[in-house]
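Q: Let me give you the structure first, and then I'll get to my questions.
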Amino acid sequence: MGGALTRYRVIAWIVGVALVVLVLIGMPLKYLFDSPTVVAVVGTAHGWLYMLYLAATFDLSRRVNWPLQRMLLVMLAGTVPFVSFYAERRVSRWLTAGRQPRTPEPVAG
């Protein structure tokens, strides 16, 4: 699960940053200054990255047996600015709080 969580956390931050750039920089440039370049580039990148985010979320949710509703809510977090950051923190806390420290198995001899 550690690798799946790390992949999820990384892509959640990348998607979140791309969406914030798109909404806070690209959209004002497009509609206020008639410069659609940032929207064209970052919007396309965000779309492709969001697909990776969905795959990483699905992978993580199947490994930790989330209910369907939780998985869908976390997937939707990548569509609202700043919510992916919140969701990433919540997911990390859910999963790290549930971890038990490993104890060595006794060796049968």
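Q: Normalising by the residue count of the chain, find the relative contact order in percent from Cα pairs under 8 Å and 6+ residues apart.
A: It rounds to 35 percent for the chain.
Q: Describe numerically, in nm with one decimal, the distance between label points set 7 Å from Cα along Cα→Cβ at Ala55 and at Asp34.
A: Result: 4.0 nm between the two label points.
Q: What do you get when you divide the Cα radius of gyration of the chain by 2.2 N^0.38 Å, with N the number of residues?
A: That works out to 1.37 for the chain.
Q: Using only Cα atoms and rounding to the nearest 10 degrees, what angle (0 to 90) does helix 83-97 make with the longest principal axis of the chain?
A: The helix 83-97 is inclined about 10 degrees to the chain.
Q: Turning to a different aspect of this structure: How large a share of the accessible area of the chain, in percent, is made up of carbon and sulfur atoms when the probe is 1.4 Å and the other protein chains stay in place?
A: The nonpolar share, carbon plus sulfur, comes to 68 percent.
The values are calculated or read from the model by the stated rules, or taken from the named source; none is laboratory data. Since the model is a prediction, treat every value here as computed from it, not as a measurement. For neighbour counting, all protein chains shown are included, and Cβ atoms are generated from backbone atoms with ideal geometry for every residue, glycine included. Side chains included, ligands, DNA and RNA excluded: accessible areas come from the protein's heavy atoms. Shrake-Rupley method; radii C 1.70, N 1.55, O 1.52, S 1.80 Å.
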